[in-house]
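Undergrad: First the structure, which I've put down as structure tokens, then a few questions once you've had a look.
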Amino acid sequence: MATSEPVQESLMLDYPQPSKPRVLLAASGSVAAIKFESLCRSFSEWADVRAVATKSSLHFVDRSSLPSGIALYTDDDEWSTWKKIGDEVLHIELRKWADILVIAPLSANTLAKIAGGLCDNLLTCIVRAWDYSKPLFVAPAMNTLMWNNPFTERHLQTINQLGIILIPPVTKRLACGDYGNGAMAETSQIYTSVRLACKTQPHGSSRSLVIPVSNHLADSAINLTNC
């Protein structure tokens, strides 16, 4: 069973170049979070993975199904080990640890929070503290009318300006029974998109990642709301 580990034991930052990229996978409150276990398994074949789940996503994430080597952090862990000034702060330590952040699924609510700069849970605190020289990918999942809502277009424009990379949703029969755009991209597509966009520098040279410029990904954050 995947359980939260004490911060001081699990994060142990060693700044030299790791043998694998460090990927922080996060799930927010969408039915698509039932696929989070599959996403974690895919990425664990390539990267050192840690996971974050919002309170709402825990309705759909089966903790016991996550690979045994992946620690899952929740809002309850945020201040669990902080006792005094100088102690580690979890959202800061996870931000330092990760080379890449992938939020899948990204719910309409969490999208709005990020676009508005809110940081009221572990995940949004990580995003607010994120170093945008490192890649941050999002894979939205929401009802079609929520996806086509004018607020969504504004929020996508805002996160695009931050450099957040959109992995667009797809058109299919949704969990609610409606048919239309808004379903989270398949986990294999999310994994492939991140692998293609990010490559680690040669071992020992740097911890940073080389991110090729991808104008079509940036433009999609604005244009895909009209699909």
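Each value in this text was obtained by applying a stated rule to the coordinates, not by laboratory testing. Just so we're clear, the structure is a prediction, and the values are computed from it rather than from any experiment. So basically every Cβ, Gly included, is an ideal-geometry build from the backbone, and we count neighbours across all protein chains shown.
Undergrad: Starting at the first residue of the range 137-154, write each ³J(HN,Hα) from the Karplus equation 6.51 cos²θ - 1.76 cosθ + 1.60 with θ = phi - 60°, in whole Hz, x for Gly and Pro.
TA: Listing the rounded values in order: 10, 10, 10, x, 8, 6, 4, 4, 5, 5, 5, 7, 5, x, 4, 4, 4, 4 Hz.
Undergrad: Return the whole-Å distance between the Cα centroid of the range 163-184 and the Cα centroid of the range 65-101.
TA: 29 Å
Undergrad: Indicate the gyration tensor shape class of the range 20-226 (rounded, prolate or oblate), computed on the Cα atoms with a ≥ b ≥ c the square roots of the eigenvalues: a/c under 1.5 is rounded; otherwise a/b larger than b/c is prolate and the rest oblate.
TA: Numbers: a/c = 1.42, a/b = 1.25, b/c = 1.14.
In terms of gyration-tensor shape, rounded.
Undergrad: Please order 68, 107 by the number of other Cβ within 10 Å, starting at the fewest. If you can, show how the numbers build up before the last one.
TA: On the way: 68 9, 107 24.
By the 10 Å Cβ count, ascending: 68, 107.
Undergrad: Still on this structure, please answer the following. Give a residue-ordered list of calculated ³J(HN,Hα) values for the range 174-183 (Karplus: 6.51 cos²θ - 1.76 cosθ + 1.60, θ = phi - 60°; whole Hz; x for Gly, Pro).
TA: 7, 4, 7, x, 5, 10, x, 7, x, 6
Undergrad: What lysines does residue 96 reach when the alpha-carbon gap must be under 25 Å and sequence neighbours fewer than 8 apart in one chain are set aside?
TA: Result set, ordered by chain and number: 20, 55, 83, 84, 113, 134, 199.
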